[in-house]
1. If you stretched the chain out fully between I37 and E106, how much longer would it get, using 0.36 nm times the residue separation minus the C-alpha to C-alpha distance?
2. Ranked from highest to lowest mean number of other Cβ atoms within 10 Å per residue, what is the order of the peptides 43-49, 66-72?
Amino acid sequence: MNYFLKTNKNLLTYALIILVFIPIFGINFFISFVGNILLLLFLIPLLLIILIFIGFNSYKSRINTCNSCGAISFGLSETCMNCGANIENISNINQINKKPSNRTIEVKAEEIK
């Protein structure tokens, strides 16, 4: 019997630990632990998708279109980079719904000599 205890000391140690911890914590502890890990694996990608959606909408709300020349700019400046017109009072809702063909500028060609 002493030979068996000496050779399988690790096995007996782990068996005693398992036999002590399972009745104390129960199987519910291990099931809830694994369930929480799986829940995190599903919720982290969902959280990332929501953050990307919020960032995209924030970016889209800052895009401005000049009323004079139709140039599109990011909402950091108060004047148009192409023509210099004031673009402070532009409603972003109307910009997104307008078609590009409504903003076409007619240009007359002149011959340079």
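All of the numbers you see were taken from the coordinates with simple rules; none came from a lab. These figures come from a predicted structure and were not determined experimentally. We place every Cβ from the backbone using ideal geometry, glycine too, and count neighbours over all the protein chains shown.
1. Working: separation 69, 0.36 × 69 = 24.84 nm, distance 6.11 nm.
Computed gain between I37 and E106 is 18.7 nm.
2. Details: 43-49: 9.7, 66-72: 15.6.
Peptide ranking by packing, descending: 66-72, 43-49.
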